[in-house]
Amino acid sequence: MMSTQPRLVEVRQNVLKQNDLLARDLRRRFHQAGVRVVSLVSSPGSGKTALLETALTLLRPHCRVAALVGDLATENDAARLARSGAAVKQVTTGTICHLDAQMVKSALEEWNLEELDMLFIENVGNLVCPSSYDLGEDLRMVLLSVTEGEDKPLKYPTIFNTADVGVITKIDLAEAVEFDSQAAHDNIQGVRPGMQVFEVSAKTGEGIEEWLQFLKSGITERVKVLTG
Amino acid sequence: MHELSIAMSMIEMAAEEAERRGGVQVHAIHLKLGQLSGVVKDALLFSYEVACEGTLLEGSSLVIEEVPVVVYCQTCHAETALASLQRFCCGSCGALTSEVVRGKELEVVALEIQ
(Lines give C-alpha, C1' and ligand atoms only; values in the text may rest on other atoms or scores of the structure.)
Protein backbone atom coordinates (compact mmCIF):
# COMPACT_ATOMS: atom_id res chain seq x y z
CA MET A 1 0.00 0.00 0.00
CA MET A 2 1.32 3.40 -0.93
CA SER A 3 1.45 5.93 1.84
CA THR A 4 1.53 9.65 1.16
CA GLN A 5 3.23 12.17 3.36
CA PRO A 6 1.13 15.00 4.74
CA ARG A 7 1.71 18.15 2.74
CA LEU A 8 1.20 21.79 3.46
CA VAL A 9 -1.20 23.77 1.30
CA GLU A 10 -1.47 27.51 1.53
CA VAL A 11 -4.93 28.82 2.41
CA ARG A 12 -4.70 32.38 3.78
CA GLN A 13 -8.13 33.09 5.18
CA ASN A 14 -9.07 35.54 7.85
CA VAL A 15 -10.97 33.56 10.47
CA LEU A 16 -13.33 36.47 11.08
CA LYS A 17 -13.78 37.11 7.36
CA GLN A 18 -17.50 36.42 7.54
CA ASN A 19 -17.92 38.98 10.31
CA ASP A 20 -15.71 41.52 8.56
CA LEU A 21 -17.69 41.19 5.32
CA LEU A 22 -20.98 41.64 7.15
CA ALA A 23 -19.58 44.62 9.04
CA ARG A 24 -18.42 46.20 5.80
CA ASP A 25 -21.89 45.71 4.40
CA LEU A 26 -23.47 47.28 7.47
CA ARG A 27 -21.06 50.23 7.30
CA ARG A 28 -22.05 50.85 3.69
CA ARG A 29 -25.74 50.73 4.60
CA PHE A 30 -25.21 53.13 7.51
CA HIS A 31 -23.37 55.58 5.28
CA GLN A 32 -25.97 55.41 2.56
CA ALA A 33 -28.76 56.05 5.07
CA GLY A 34 -26.78 58.90 6.64
CA VAL A 35 -26.76 57.39 10.11
CA ARG A 36 -23.76 57.80 12.38
CA VAL A 37 -23.08 54.70 14.43
CA VAL A 38 -21.30 54.75 17.76
CA SER A 39 -20.58 51.61 19.74
CA LEU A 40 -19.86 51.52 23.45
CA VAL A 41 -17.57 48.98 25.10
CA SER A 42 -16.53 48.68 28.73
CA SER A 43 -16.41 46.28 31.63
CA PRO A 44 -19.74 45.45 33.30
CA GLY A 45 -20.99 48.20 35.57
CA SER A 46 -18.92 51.07 34.26
CA GLY A 47 -21.96 53.10 33.34
CA LYS A 48 -22.67 52.46 29.65
CA THR A 49 -26.43 52.39 30.13
CA ALA A 50 -26.55 55.49 32.36
CA LEU A 51 -24.45 57.45 29.88
CA LEU A 52 -26.54 56.21 27.00
CA GLU A 53 -29.78 57.13 28.76
CA THR A 54 -28.46 60.66 29.23
CA ALA A 55 -27.34 60.87 25.62
CA LEU A 56 -30.63 59.59 24.21
CA THR A 57 -32.66 61.97 26.37
CA LEU A 58 -30.57 65.03 25.51
CA LEU A 59 -30.07 64.25 21.82
CA ARG A 60 -33.66 63.32 21.03
CA PRO A 61 -34.95 66.87 20.62
CA HIS A 62 -32.15 67.60 18.11
CA CYS A 63 -31.81 64.43 16.08
CA ARG A 64 -33.33 61.03 15.48
CA VAL A 65 -31.53 58.63 17.79
CA ALA A 66 -31.90 54.94 18.54
CA ALA A 67 -30.01 52.28 20.44
CA LEU A 68 -29.27 48.58 20.33
CA VAL A 69 -28.22 47.10 23.65
CA GLY A 70 -26.45 43.81 24.07
CA ASP A 71 -26.64 41.71 27.22
CA LEU A 72 -26.28 38.04 28.04
CA ALA A 73 -29.75 38.05 29.55
CA THR A 74 -32.65 40.30 30.67
CA GLU A 75 -34.30 43.20 28.89
CA ASN A 76 -33.66 45.57 31.81
CA ASP A 77 -31.33 47.91 29.93
CA ALA A 78 -33.69 48.31 27.00
CA ALA A 79 -36.59 49.07 29.36
CA ARG A 80 -34.44 51.66 31.12
CA LEU A 81 -33.32 53.29 27.88
CA ALA A 82 -36.84 53.31 26.43
CA ARG A 83 -37.74 55.89 29.09
CA SER A 84 -35.86 58.41 26.95
CA GLY A 85 -38.51 57.98 24.27
CA ALA A 86 -35.97 56.84 21.69
CA ALA A 87 -36.31 53.60 19.74
CA VAL A 88 -34.47 50.89 21.66
CA LYS A 89 -33.93 47.23 21.00
CA GLN A 90 -32.39 44.63 23.28
CA VAL A 91 -30.13 41.98 21.81
CA THR A 92 -29.83 39.08 24.24
CA THR A 93 -26.81 37.02 23.35
CA GLY A 94 -27.41 34.06 25.66
CA THR A 95 -24.00 32.71 26.54
CA ILE A 96 -22.11 34.76 23.97
CA CYS A 97 -19.86 37.39 25.50
CA HIS A 98 -19.89 39.94 22.68
CA LEU A 99 -21.98 41.31 19.83
CA ASP A 100 -21.05 40.41 16.26
CA ALA A 101 -22.05 41.90 12.93
CA GLN A 102 -24.72 39.25 12.30
CA MET A 103 -26.47 40.06 15.59
CA VAL A 104 -26.49 43.75 14.70
CA LYS A 105 -27.79 43.00 11.24
CA SER A 106 -30.64 40.82 12.55
CA ALA A 107 -31.56 43.35 15.23
CA LEU A 108 -31.87 46.08 12.62
CA GLU A 109 -34.15 44.14 10.31
CA GLU A 110 -37.36 45.87 11.35
CA TRP A 111 -35.86 49.35 11.45
CA ASN A 112 -35.72 51.84 8.64
CA LEU A 113 -32.22 53.31 8.81
CA GLU A 114 -33.31 56.27 6.70
CA GLU A 115 -35.33 57.48 9.68
CA LEU A 116 -32.26 57.73 11.91
CA ASP A 117 -29.44 60.23 12.36
CA MET A 118 -27.58 58.41 15.08
CA LEU A 119 -27.49 54.86 16.32
CA PHE A 120 -25.77 53.69 19.49
CA ILE A 121 -24.74 50.09 19.94
CA GLU A 122 -24.07 49.14 23.53
CA ASN A 123 -21.92 46.03 23.55
CA VAL A 124 -22.00 43.33 26.22
CA GLY A 125 -20.03 44.43 29.28
CA ASN A 126 -16.67 42.80 28.56
CA LEU A 127 -13.23 44.25 27.90
CA VAL A 128 -11.85 41.25 26.04
CA CYS A 129 -14.03 39.61 23.40
CA PRO A 130 -15.72 42.65 21.77
CA SER A 131 -12.33 43.88 20.54
CA SER A 132 -12.18 41.23 17.81
CA TYR A 133 -15.54 42.00 16.20
CA ASP A 134 -16.16 44.86 13.81
CA LEU A 135 -19.83 45.91 14.00
CA GLY A 136 -19.75 48.38 11.14
CA GLU A 137 -19.64 51.32 13.53
CA ASP A 138 -18.06 54.70 12.71
CA LEU A 139 -16.73 55.13 16.17
CA ARG A 140 -15.88 52.73 18.96
CA MET A 141 -16.07 54.35 22.33
CA VAL A 142 -14.40 52.72 25.33
CA LEU A 143 -15.59 53.63 28.83
CA LEU A 144 -13.61 53.50 32.02
CA SER A 145 -15.24 54.40 35.33
CA VAL A 146 -13.24 56.03 38.10
CA THR A 147 -14.20 53.19 40.46
CA GLU A 148 -12.37 50.61 38.31
CA GLY A 149 -8.91 52.00 38.89
CA GLU A 150 -6.49 53.88 36.69
CA ASP A 151 -4.66 50.82 35.39
CA LYS A 152 -7.55 49.23 33.46
CA PRO A 153 -6.07 50.37 30.13
CA LEU A 154 -2.81 48.57 30.94
CA LYS A 155 -4.66 45.38 31.84
CA TYR A 156 -6.80 45.44 28.70
CA PRO A 157 -4.61 47.16 26.11
CA THR A 158 -6.27 45.50 23.11
CA ILE A 159 -9.74 46.92 23.63
CA PHE A 160 -8.35 50.38 24.41
CA ASN A 161 -6.08 50.23 21.39
CA THR A 162 -8.89 49.28 19.03
CA ALA A 163 -11.19 52.05 20.31
CA ASP A 164 -11.44 55.51 18.73
CA VAL A 165 -12.53 57.61 21.69
CA GLY A 166 -12.27 57.22 25.46
CA VAL A 167 -14.74 58.30 28.13
CA ILE A 168 -13.96 58.35 31.84
CA THR A 169 -17.29 57.95 33.63
CA LYS A 170 -18.62 58.55 37.17
CA ILE A 171 -16.25 61.49 37.50
CA ASP A 172 -18.44 62.75 40.38
CA LEU A 173 -16.99 59.87 42.45
CA ALA A 174 -13.37 60.64 41.57
CA GLU A 175 -12.52 62.26 44.87
CA ALA A 176 -14.26 59.64 47.01
CA VAL A 177 -12.27 56.83 45.38
CA GLU A 178 -9.05 58.88 45.14
CA PHE A 179 -8.98 58.50 41.38
CA ASP A 180 -5.65 59.57 39.90
CA SER A 181 -6.82 61.28 36.73
CA GLN A 182 -3.32 61.99 35.42
CA ALA A 183 -2.31 58.33 35.76
CA ALA A 184 -5.49 57.22 33.98
CA HIS A 185 -4.84 59.59 31.07
CA ASP A 186 -1.20 58.53 30.89
CA ASN A 187 -2.19 54.87 30.81
CA ILE A 188 -4.74 55.45 28.07
CA GLN A 189 -2.20 57.40 26.00
CA GLY A 190 0.33 54.62 26.59
CA VAL A 191 -1.85 51.98 24.95
CA ARG A 192 -3.59 54.24 22.45
CA PRO A 193 -1.49 57.34 21.77
CA GLY A 194 -3.46 60.35 20.59
CA MET A 195 -6.88 59.13 21.64
CA GLN A 196 -9.34 61.87 22.60
CA VAL A 197 -10.67 61.29 26.11
CA PHE A 198 -13.71 62.85 27.79
CA GLU A 199 -14.49 62.96 31.49
CA VAL A 200 -18.18 62.79 32.34
CA SER A 201 -20.74 62.18 35.02
CA ALA A 202 -24.16 61.00 33.90
CA LYS A 203 -25.37 61.76 37.42
CA THR A 204 -24.33 65.41 37.77
CA GLY A 205 -24.10 66.23 34.08
CA GLU A 206 -20.45 67.26 34.33
CA GLY A 207 -18.70 67.04 30.98
CA ILE A 208 -21.81 65.76 29.20
CA GLU A 209 -22.32 68.86 27.07
CA GLU A 210 -18.79 68.71 25.67
CA TRP A 211 -19.12 65.01 24.96
CA LEU A 212 -22.47 65.47 23.19
CA GLN A 213 -21.05 68.34 21.14
CA PHE A 214 -18.37 65.95 19.95
CA LEU A 215 -20.97 63.34 18.96
CA LYS A 216 -23.13 65.94 17.23
CA SER A 217 -20.17 67.42 15.36
CA GLY A 218 -19.75 64.00 13.79
CA ILE A 219 -23.25 64.23 12.39
CA THR A 220 -22.63 67.70 11.01
CA GLU A 221 -19.42 66.54 9.35
CA ARG A 222 -21.30 63.66 7.82
CA VAL A 223 -24.02 65.93 6.47
CA LYS A 224 -21.33 68.18 4.99
CA VAL A 225 -19.64 65.27 3.31
CA LEU A 226 -22.90 63.98 1.91
CA THR A 227 -24.13 67.32 0.63
CA GLY A 228 -20.83 68.93 -0.24
CA MET B 1 -14.25 33.51 26.09
CA HIS B 2 -14.95 33.83 22.38
CA GLU B 3 -12.15 31.42 21.48
CA LEU B 4 -14.58 28.51 21.18
CA SER B 5 -16.60 30.17 18.44
CA ILE B 6 -13.37 31.15 16.71
CA ALA B 7 -12.12 27.56 16.89
CA MET B 8 -15.42 26.37 15.42
CA SER B 9 -15.16 28.83 12.52
CA MET B 10 -11.63 27.61 11.78
CA ILE B 11 -12.70 23.98 11.80
CA GLU B 12 -15.63 24.71 9.53
CA MET B 13 -13.33 26.61 7.18
CA ALA B 14 -10.81 23.76 7.09
CA ALA B 15 -13.50 21.13 6.60
CA GLU B 16 -14.88 23.06 3.61
CA GLU B 17 -11.40 23.36 2.13
CA ALA B 18 -10.81 19.62 2.63
CA GLU B 19 -14.12 18.90 0.92
CA ARG B 20 -13.14 21.10 -2.01
CA ARG B 21 -9.94 19.12 -2.38
CA GLY B 22 -11.81 15.87 -2.69
CA GLY B 23 -12.29 14.90 0.92
CA VAL B 24 -8.67 14.91 2.02
CA GLN B 25 -7.76 14.43 5.64
CA VAL B 26 -6.61 17.52 7.55
CA HIS B 27 -3.74 16.87 9.95
CA ALA B 28 -3.17 20.39 11.11
CA ILE B 29 -4.30 23.97 10.76
CA HIS B 30 -1.57 26.60 10.71
CA LEU B 31 -2.70 29.90 12.15
CA LYS B 32 -1.13 33.34 12.44
CA LEU B 33 -2.23 34.93 15.68
CA GLY B 34 -1.50 38.58 16.30
CA GLN B 35 -0.80 39.73 19.84
CA LEU B 36 -3.44 42.39 19.30
CA SER B 37 -6.09 40.08 17.83
CA GLY B 38 -8.00 39.87 21.10
CA VAL B 39 -7.63 36.08 21.07
CA VAL B 40 -5.74 34.19 23.76
CA LYS B 41 -3.47 31.42 22.49
CA ASP B 42 -3.96 28.94 25.32
CA ALA B 43 -7.72 29.40 25.37
CA LEU B 44 -7.80 28.87 21.62
CA LEU B 45 -5.72 25.67 21.80
CA PHE B 46 -8.00 24.29 24.48
CA SER B 47 -11.14 25.28 22.58
CA TYR B 48 -9.76 23.78 19.38
CA GLU B 49 -9.41 20.34 20.89
CA VAL B 50 -12.94 20.47 22.29
CA ALA B 51 -14.44 21.82 19.09
CA CYS B 52 -12.74 19.17 16.91
CA GLU B 53 -14.50 16.30 18.63
CA GLY B 54 -16.96 14.58 16.35
CA THR B 55 -15.88 16.59 13.30
CA LEU B 56 -13.78 15.71 10.26
CA LEU B 57 -10.88 17.35 12.04
CA GLU B 58 -10.95 15.20 15.14
CA GLY B 59 -7.36 14.35 16.07
CA SER B 60 -5.90 17.21 14.07
CA SER B 61 -3.65 19.79 15.65
CA LEU B 62 -3.54 23.56 15.69
CA VAL B 63 -0.17 25.11 14.99
CA ILE B 64 -0.04 28.73 16.11
CA GLU B 65 2.51 31.25 14.98
CA GLU B 66 2.31 34.28 17.25
CA VAL B 67 2.79 37.61 15.55
CA PRO B 68 4.24 40.40 17.68
CA VAL B 69 2.85 43.90 17.35
CA VAL B 70 4.87 46.05 14.95
CA VAL B 71 4.31 49.80 14.89
CA TYR B 72 5.28 52.47 12.40
CA CYS B 73 6.79 55.67 13.75
CA GLN B 74 5.81 58.91 12.04
CA THR B 75 8.68 60.72 13.71
CA CYS B 76 11.60 58.58 12.58
CA HIS B 77 9.81 56.33 10.06
CA ALA B 78 11.06 53.15 11.68
CA GLU B 79 9.02 49.96 11.93
CA THR B 80 9.71 48.27 15.22
CA ALA B 81 8.23 45.49 17.34
CA LEU B 82 6.57 46.66 20.55
CA ALA B 83 8.49 45.77 23.68
CA SER B 84 5.31 45.95 25.73
CA LEU B 85 1.60 46.12 24.92
CA GLN B 86 1.32 48.59 27.78
CA ARG B 87 3.26 51.21 25.87
CA PHE B 88 2.78 51.88 22.19
CA CYS B 89 6.02 53.59 21.35
CA CYS B 90 8.71 53.43 18.70
CA GLY B 91 11.49 51.00 19.55
CA SER B 92 13.97 53.24 17.79
CA CYS B 93 13.29 56.83 18.96
CA GLY B 94 10.76 56.26 21.73
CA ALA B 95 7.99 58.49 20.34
CA LEU B 96 4.43 57.37 21.02
CA THR B 97 2.73 55.87 18.01
CA SER B 98 -0.59 54.17 17.41
CA GLU B 99 0.02 53.07 13.84
CA VAL B 100 -0.10 49.29 14.00
CA VAL B 101 1.51 47.58 11.01
CA ARG B 102 1.24 43.98 12.21
CA GLY B 103 -0.18 42.16 15.19
CA LYS B 104 -3.92 42.04 14.53
CA GLU B 105 -3.77 38.81 12.48
CA LEU B 106 -6.22 35.99 13.02
CA GLU B 107 -5.55 34.14 9.84
CA VAL B 108 -5.44 30.53 8.73
CA VAL B 109 -2.34 30.44 6.53
CA ALA B 110 -2.05 26.77 5.64
CA LEU B 111 -3.48 23.31 6.09
CA GLU B 112 -1.53 20.09 6.46
CA ILE B 113 -3.41 17.55 4.40
CA GLN B 114 -3.02 13.99 3.18
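The values are calculated or read from the model by the stated rules, or taken from the named source; none is laboratory data. All values reported here derive from a predicted model rather than from experimental measurement. All Cβ positions, even for glycine, are placed from backbone atoms using ideal geometry, and neighbour counts span all protein chains on display.
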**Request:** Can you tell me which residue among A:Val69, A:Val91, A:Val128 is under 23 Å from A:Val167 (Cα atoms) and away from chain B (no Cβ under 14 Å)?
**Result:** A:Val69
**Message:** Quick check on B:Glu105: is it in contact with a Gly (Cβ under 6 Å, 6 or more places away or on another chain), among the charged types (D, E, K, R) and under 16 Å from B:Leu33 (Cβ atoms)?
**Reply:** yes
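Would you pick out the residues in region A:28-72 that are β-branched (Val, Ile, Thr) and at pLDDT 95 or above?
Matches in region A:28-72: A:Val35, A:Val37, A:Val38, A:Val41, A:Thr54, A:Thr57, A:Val65.
Is it true that A:Lys89 is touching a strand residue (DSSP E or B) at 6+ places or on another chain (Cβ under 7 Å), of a type in the set (D, E, K, R) and either assigned to a loop (DSSP other than H, G, I, E, B) or surrounded by fewer than 20 Cβ atoms within 10 Å (Cβ to Cβ) (or both)? Working first, answer last.
Values: touching a strand residue (DSSP E or B) at 6+ places or on another chain (Cβ under 7 Å): yes; of a type in the set (D, E, K, R): yes; either assigned to a loop (DSSP other than H, G, I, E, B) or surrounded by fewer than 20 Cβ atoms within 10 Å (Cβ to Cβ) (or both): yes.
Considered against the rule, which asks whether it is touching a strand residue (DSSP E or B) at 6+ places or on another chain (Cβ under 7 Å), of a type in the set (D, E, K, R) and either assigned to a loop (DSSP other than H, G, I, E, B) or surrounded by fewer than 20 Cβ atoms within 10 Å (Cβ to Cβ) (or both), A:Lys89 comes out as yes.
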**The listed residue being surrounded by 14 or more Cβ atoms within 10 Å (Cβ to Cβ), over 17 Å from A:Val128 (Cα atoms) and free of Cβ contacts under 8 Å to residues at least 40 places away in the same chain, out of B:Glu49, B:Glu19** = B:Glu49
**Message:** Exactly one condition in (1) within 22 Å of A:Thr57 (Cα to Cα); (2) crowded, with 21+ Cβ neighbours inside 10 Å; (3) not charged (D, E, K, R) is false for A:Leu99; which is it?
**Reply:** (1)
**Item:** When residues of region A:139-190 are limited to those that are among the β-branched types (Val, Ile, Thr), outside any strand (DSSP E or B) and under 28 Å from B:Ala83 (Cβ atoms), the one nearest to the other protein chains (Cβ to nearest Cβ)
**Value:** A:Thr158
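Only one of A:Leu40, A:Leu81, A:Leu135 is crowded, with 20+ Cβ neighbours inside 10 Å and assigned to a loop (DSSP other than H, G, I, E, B); which? Quick ask: steps written out before the conclusion?
Numbers: A:Leu40 fails: assigned to a loop (DSSP other than H, G, I, E, B); A:Leu81 fails: assigned to a loop (DSSP other than H, G, I, E, B).
On inspection, the qualifying residue turns out to be A:Leu135.
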